[in-house]
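To start, the structure under review is shown below, and the notes come after it.
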């Protein structure tokens, strides 16, 4: 029984250590400040359907950063646009979206970045949960 308990404890200790080593081997090299461009959309049948655009600037800190930018969405013969800002700490971000005309709503989401590209999904109290993807410049 002691051997099984020791083995289970050893496995539980090794798993986080192994993933931590893997995560530190491939850091994304980005400039401390820069711009981003991308699209907002959803996946349908394995295909990407863009319904809007995003662009703005970012500023990196130790393990995260902050972003500001503009967005535009075209849905059902209507167009909405506004600004956004927030902070991110991989793999999460929180922020606020302002719709032109003064309304504000919080957003939360997930963020993944690799090789000067990014992607993720964001959710707000109203509207659908949409995906986004783009590039850092």
**OP:** Just need the relative contact order of the range 98-137 here, percent rounded to a whole number, with Cα pairs under 8 Å and 6+ apart.
**Re:** 32
Subject >> Reciprocal mean inverse distance between Cα atoms of the range 33-136 - Kirkwood radius, Å >> reply: 13.9
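Between residue 47 and residue 98, 0.36 nm times their residue separation minus their Cα-Cα distance comes to what?
Taking 0.36 nm per residue and subtracting the Cα distance, the gain is 15.5 nm.
Values in this text are rule-based calculations from the coordinates and carry no lab data. Source: prediction; values computed, not measured.
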